[in-house]
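Data block below; observations after.
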Amino acid sequence: MTATLSELPIGQSARIKAYEKGSHTEQRLMVMGLLPGVEVRKIRVAPLGDPIAVEFAGSCVSLRRREAIGVLLETPA
Amino acid sequence: MTQTSTEPPQIALVGNPNIGKTTLFNLLTGMRQRVGNYPGVTVSKKIGTLRLGERDAHLIDLPGTYSLAAASLDERVVVDVLSGKLPGTQKPDLVVCVVDATNLTRNLFLAAQIAELAIPMVIVLNQWDLAERQGLQIDTDRLSAQLRVPIVPCVATRKESAQRVKDTLAQALLSPACLPPIQWPDAVAAATAHLRAAMPKGAAADLEDAEVHRLLFDANSALAERLEWPEDERRKAVQEARAMVQASGLNPLAAEALLQYDHINGLTKGVQTKVGELAKGQTESIDRLLMHRGWGLAIFAAIMYVVFLSVYTWAGPLMDGIEWAKGGLQDWISPFLAGTPMLQSLMVDAVIEGVGAFLVFLPQILVLFFFISLLEDTGYMARAAFLMDKMFGWCGLNGKSFVPLLSSYACAVPGIMATRTIEDPKARLATILIAPFMSCSARLPVYVLLIGAFVEPSHGPLIASLTLFAMHFVGLAVALPTVWILNKFILKTRPQPFVLEMPRYHVPRLGDVAWRMWESGWEFVKRAGTVIFAITIIIWALLYFPRPDAVAEEARAQVIAEQQAADPSMNLEAIEAQLQEEDSELAHVLERRESSAYIEQSYMGRMGKALQPVFHPAGFDWRITVGVLASFPAREVIISTLGVIYSLGGDVDEESPGLQQAMANATWQEGTRVGMKIFTLPVVFGIMIFFALCSQCGATLAIIKKEAGTRWAIFSFVYMTVLAWIGAVLCFQLGGVFG
Ligand SMILES: Nc1nc2c(ncn2[C@@H]2O[C@H](COP(=O)(O)OP(=O)(O)OP(=O)(O)O)[C@@H](O)[C@H]2O)c(=O)[nH]1
Ligand SMILES: [Mg+2]
């Protein structure tokens, strides 16, 4: 199983590998610069467990877990 | 398009959300459009004039967008303006791309898309101050050379930037330059040509390649609806075109972002250097505290509580001052009009009492807006959305609904306009339908009046402000299940994504805060002088007329009869003599009896009595019923209406100044509860709940009609009013059981 952005522990970063097929936010997140190959860091989870906030290329964006599940990460070898 | 010397050139301001477009617009035009530190403040286009050397130009402020893939209504405005498709507008002569200097690459994505429309461009590197503070260095000369358009660094919050930007714009109008567009790979070009060939002739001639790309790349293109192209045919053509892109090894939905970012990275090569990692952690460390997993929500609740406590306590002295001035004015003007009782009543009971009773709440409005603008401008609002999203999520509410709902706490009208940022039309409709439940500032006076009169005296200011705090969540508590039902059974909305950029914290600009307070305060005073004034006079007239002498005579006969029954030793003459006496006990009794007899048989009194049975289960008497009826055009009217009723009814006199006291003293005159207080706690809470839920605002209904259609406006009116009635009745009945 591949790691997704949703499972990434707080404070850790990873490189984006690809998007899940059929992810309905793929286009929007890519436009914001969340491209395959970009390093993304999870900075926090909301007190109620959702949404999460991530940081990449100088922006800080919050998104819900159901969207984060669609973002697949490269697992460090 | 070439410019003629008569038409002022059109300049459009575009850029990502929340990077200072409106701030720049205000700086250049001297106008005062609303700015705020969260994405999605501007939702429609605004036009202003700016002087460029010898001539004027029209500057168009637009909503922020990350891309031309317009999904929501506000983003569509941008696309329409840029392609000149908006009726009555032409393609702009110049587009000013406002770019966040601290996030160059991402911001240039939009610029690169616009480049395909071949409109001359200027790039403003805004927030230059922040870039410098972060130790970011951008070689603007080199950037300008590589992008082949003028580049101007700018700090839109500082006046000094204006001239430099204006000079650049003036120069750019004289020698226009375009950003070099991307060279698409052959597969994309072929797919575009394929789409063009497949679509109806008229449409094809009308569209630029950049627009055809929207059909190709966007999952749900806004353009599709506008073309007169049968849906099944269109779908087939789009699928074929996408297959062509796919065949070349590119994912059609990802292709644009990948290729454009590649293009941009090429254009910006070597222009940025990072000197150091400075000051960037500031926002992060504030967030670590305010967004904390453990106490983030507690801090949020505490902030909200402080807001309402301050609204309640800070405004007190000022309110007393206004109340005092009102009384003084009445005392001063009364003797002048003593010869004409009707005019006296009109001035004292309607104009000064009614409008004054409303104006007393001005300080509260100012304090409320002070906090709203403070929270907006620091950047906390977007964090509030982050903290609360889960609580809204369960009922299927869109994450993007948060900002519209939050602005509805000030006023539902801009709140409903702000729903334009929501892409899904059904999710947008659901948000429009519940926005009026949010406790807008017009409800504040109603709560403060009732809490001040009935909760504070017995329970103290702490409980009073807690009650005020709680009242602001009543509407929300009803809205969430409502939206769940709407989503589940009526609109059947799918869950929507929630992707929100977190703005940086910054110290609020005092000018912006002061302006927001002034704007809303002035709006409030204007309402007092127009809507409230007019309705108050109408209500007064309906309460004053008709005035047949028979009423006074009957009251007199009643008083005499009662006096005789109470004291058989007194003869008629002695009673008459006492009645003639100016300050006798009996004369006062008669005066009050006359006033209430007049008011009871007035047009409004009769109407109130006729409809009172409807509100009887909620414990409302006919006066409250009149107040409720009068407040359908605008809920604040209840204040002035009650003011007029109690003042005309002779209940407001020297010993019990003010509306609150008069209401506290009011008792039932008839029916099963004779002699008992009308305003018991269950009734008071019933009224507040009624006002929390009822659709009592003409302006809101008008905007719903405009944004969603007449049908939904009627729906909104009916369901809110019914819920309000149920709420008030439940409150009174349960209060009776448990109280
Ligand atoms: N430090 C700094 N802050 C700025 C600058 N320009 C604007 N701001 C702040 O950025 C925030 C957003 O400004 P707006 O003008 O509302 O942004 P906008 O681009 O119109 O936003 P939308 O209408 O939501 O797309 C405000 O709080 C401004 O005070 C700047 O040059 N430097
Ligand atoms: Mg704006």
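Output the residues belonging to the stretch B:16-50 that are touching a residue at least 60 places away in the same chain (Cβ under 8 Å) and away from ligand 1 (no atom under 13 Å from the Cβ).
Hit for the stretch B:16-50 is B:LEU50, nothing else.
Of the residues that sit in the stretch B:381-397 and are open to solvent by less than 10 Å² (accessible area, probe 1.4 Å) and not aliphatic (A, V, I, L, M), which one is farthest from the other protein chains (Cβ to nearest Cβ)?
B:CYS395
Evaluate the stretch B:134-149: report whether one residue or more is surrounded by fewer than 22 Cβ atoms within 10 Å (Cβ to Cβ) and within 12 Å of ligand 1 (Cβ to nearest atom).
yes
For B:ASP56, which of the numbered conditions (1) in contact with a Leu (Cβ under 8 Å, 6 or more places away or on another chain); (2) within 15 Å of ligand 1 (Cβ to nearest atom) fails to hold?
With respect to (1) in contact with a Leu (Cβ under 8 Å, 6 or more places away or on another chain); (2) within 15 Å of ligand 1 (Cβ to nearest atom), B:ASP56 is out only on (2).
Results for (1) within 14 Å of another protein chain (Cβ to nearest Cβ); (2) at pLDDT 85 or above; (3) open to solvent by 10 Å² or more (accessible area, probe 1.4 Å), shown as yes or no for each residue.
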residue: B:PHE402; (1), (2), (3): yes, no, yes
residue: B:SER407; (1), (2), (3): no, no, yes
residue: B:VAL413; (1), (2), (3): no, yes, yes
residue: B:THR421; (1), (2), (3): yes, no, yes
residue: B:CYS440; (1), (2), (3): no, yes, yes
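For (1) in contact (Cβ under 8 Å) with a residue 12 or more places away in the chain; (2) surrounded by fewer than 19 Cβ atoms within 10 Å (Cβ to Cβ); (3) closer than 21 Å to B:ILE678 by Cβ, each residue gets a yes or a no:
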{"site": "B:LEU590", "(1), (2), (3)": "yes, no, no"}
{"site": "B:TYR603", "(1), (2), (3)": "yes, yes, no"}
{"site": "B:HIS616", "(1), (2), (3)": "no, yes, yes"}
{"site": "B:ILE624", "(1), (2), (3)": "yes, no, yes"}
{"site": "B:ARG635", "(1), (2), (3)": "yes, no, yes"}
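Checking the structure you have, find out if any residue of the stretch B:46-62 is touching a Ser or Thr at 6+ places or on another chain (Cβ under 8 Å), under 30 Å from B:ASN220 (Cβ atoms) and among the aliphatic types (A, V, I, L, M).
The answer is yes, given that some residue of the stretch B:46-62 is touching a Ser or Thr at 6+ places or on another chain (Cβ under 8 Å), under 30 Å from B:ASN220 (Cβ atoms) and among the aliphatic types (A, V, I, L, M).
Scan the stretch B:374-384 and tell me whether some residue there is among the acidic types (Asp, Glu), free of Cβ contacts under 8 Å to residues at least 12 places away in the same chain and part of a helix (DSSP H, G or I).
no
Go over the candidates B:GLY327, B:GLY339 one by one and state the one that is surrounded by fewer than 19 Cβ atoms within 10 Å (Cβ to Cβ) and not in a helix (DSSP H, G or I).
On the way: B:GLY327 fails: not in a helix (DSSP H, G or I).
Of the residues listed, the single one that is surrounded by fewer than 19 Cβ atoms within 10 Å (Cβ to Cβ) and not in a helix (DSSP H, G or I) is B:GLY339.
If you scan the stretch B:485-505, which residues turn out to be over 21 Å from B:TYR66 (Cβ atoms), at pLDDT 85 or above and within 14 Å of another protein chain (Cβ to nearest Cβ)?
Matches in the stretch B:485-505: B:TYR505 only.
Only residues that are within 9 Å of ligand 2 (Cβ to nearest atom) and not polar (S, T, N, Q): list them for the stretch B:25-80, please. If you could, list the steps in order and put the result at the bottom.
Taking the stretch B:25-80 and keeping what is within 9 Å of ligand 2 (Cβ to nearest atom), we get B:25, B:33-36, B:40-43, B:46, B:61-64.
If the condition is that a residue be within 9 Å of ligand 2 (Cβ to nearest atom) and not polar (S, T, N, Q), then B:PHE25, B:ARG34, B:VAL35, B:GLY36, B:GLY40, B:VAL41, B:VAL43, B:LYS46, B:ASP61, B:LEU62, B:PRO63, B:GLY64 are the ones that fit.
The rows are residues; the columns are (1) open to solvent by 10 Å² or more (accessible area, probe 1.4 Å); (2) modelled with pLDDT of 85 or more.
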| position | (1), (2) |
| --- | --- |
| B:ARG34 | yes, no |
| B:GLY40 | yes, no |
| B:SER44 | yes, no |
| B:ILE47 | yes, yes |
| B:SER72 | no, no |
| B:ARG76 | yes, no |
| B:VAL81 | no, yes |
| B:GLY84 | yes, no |
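Name every residue in the stretch B:208-220 that is over 36 Å from the mean Cα position of the chain (by Cα) and open to solvent by 20 Å² or more (accessible area, probe 1.4 Å), in order of residue number.
Scanning the stretch B:208-220 gives B:GLU208, B:ASP209.
Restricting attention to the stretch B:86-106, and to residues there that are within 29 Å of the chain's Cα centre (by Cα) and in contact (Cβ under 8 Å) with a residue 60 or more places away in the chain, which single residue is nearest to the other protein chains (Cβ to nearest Cβ)? Can you show your working first?
Start the filter on the stretch B:86-106 by keeping residues that are within 29 Å of the chain's Cα centre (by Cα), which leaves B:86-89, B:96-100.
Restricting the remaining residues to those that are in contact (Cβ under 8 Å) with a residue 60 or more places away in the chain gives B:89, B:96-100.
Details: B:THR89: 26, B:VAL96: 21, B:CYS97: 15, B:VAL98: 16, B:VAL99: 13, B:ASP100: 9 Å.
The residue in question is B:ASP100.
In the stretch A:50-65, how many are open to solvent by 20 Å² or more (accessible area, probe 1.4 Å), more than 7 Å from every other protein chain (Cβ to nearest Cβ) and farther than 25 Å from B:TRP394 by Cα?
So the count comes out to 1.
Check the stretch B:86-97 and report whether any residue there is more than 13 Å from B:GLY15 (Cα to Cα), open to solvent by 10 Å² or more (accessible area, probe 1.4 Å) and touching a Pro at 6+ places or on another chain (Cβ under 6 Å).
Checking the stretch B:86-97: at least one residue is more than 13 Å from B:GLY15 (Cα to Cα), open to solvent by 10 Å² or more (accessible area, probe 1.4 Å) and touching a Pro at 6+ places or on another chain (Cβ under 6 Å).
Could you check the stretch B:221-247 and list, in sequence order, the residues that are part of a loop (DSSP other than H, G, I, E, B) and exposed (fewer than 14 other Cβ atoms within 10 Å of the Cβ)?
B:GLU228, B:PRO230
Looking for whichever is more than 9 Å from chain B (Cβ to nearest Cβ) and either part of a strand (DSSP E or B) or open to solvent by 30 Å² or more (accessible area, probe 1.4 Å) (or both) here; the options are A:ARG28, A:ARG41. Which one fits?
A:ARG41
May I ask you to say which residue of B:ALA191, B:ALA131, B:ALA162 is modelled with pLDDT under 95, under 16 Å from B:LEU13 (Cβ atoms) and either within 16 Å of ligand 1 (Cβ to nearest atom) or crowded, with 21+ Cβ neighbours inside 10 Å (or both)? Let's see the steps before the verdict.
On the way: B:ALA191 fails: under 16 Å from B:LEU13 (Cβ atoms); B:ALA131 fails: under 16 Å from B:LEU13 (Cβ atoms).
Result of the check over B:ALA191, B:ALA131, B:ALA162: B:ALA162.
Testing B:LEU68 on (1) aliphatic (A, V, I, L, M); (2) within 11 Å of ligand 1 (Cβ to nearest atom); (3) within 14 Å of another protein chain (Cβ to nearest Cβ), one condition comes back false. Which one is that?
Of (1) aliphatic (A, V, I, L, M); (2) within 11 Å of ligand 1 (Cβ to nearest atom); (3) within 14 Å of another protein chain (Cβ to nearest Cβ), only one is false for B:LEU68: (2).
Tell me, yes or no, whether the stretch B:1-16 has at least one residue that is within 12 Å of ligand 2 (Cβ to nearest atom), touching a strand residue (DSSP E or B) at 6+ places or on another chain (Cβ under 9 Å) and within 25 Å of B:SER520 (Cβ to Cβ).
No, every residue in the stretch B:1-16 fails to be within 12 Å of ligand 2 (Cβ to nearest atom), touching a strand residue (DSSP E or B) at 6+ places or on another chain (Cβ under 9 Å) and within 25 Å of B:SER520 (Cβ to Cβ).
So B:ILE434 passes all but one of these: (1) surrounded by fewer than 20 Cβ atoms within 10 Å (Cβ to Cβ); (2) within 30 Å of B:ALA728 (Cβ to Cβ). Which condition number does it fail?
Single failed check for B:ILE434: (1).
Kindly establish whether B:THR22 is near ligand 2 (Cβ under 8 Å from one of its atoms) and within 20 Å of B:ILE114 (Cβ to Cβ). Outline the logic, then answer.
Numbers: near ligand 2 (Cβ under 8 Å from one of its atoms): yes; within 20 Å of B:ILE114 (Cβ to Cβ): yes.
Yes.
Pick out the one residue from A:PRO36, A:PRO47 that is facing chain B (nearest Cβ under 9 Å), farther than 18 Å from B:LYS400 by Cα and crowded, with 18+ Cβ neighbours inside 10 Å.
Result: A:PRO47 is the single residue among A:PRO36, A:PRO47 that is facing chain B (nearest Cβ under 9 Å), farther than 18 Å from B:LYS400 by Cα and crowded, with 18+ Cβ neighbours inside 10 Å.
The values are calculated or read from the model by the stated rules, or taken from the named source; none is laboratory data. Note that the structure is predicted; figures quoted are calculated from it, not measured. In this analysis, Cβ positions are derived from the backbone assuming ideal geometry, glycine residues included, and neighbour counts consider all displayed protein chains. Areas reflect the complete protein model, heavy atoms only, side chains present, ligands, DNA and RNA absent. Shrake-Rupley method; radii C 1.70, N 1.55, O 1.52, S 1.80 Å.
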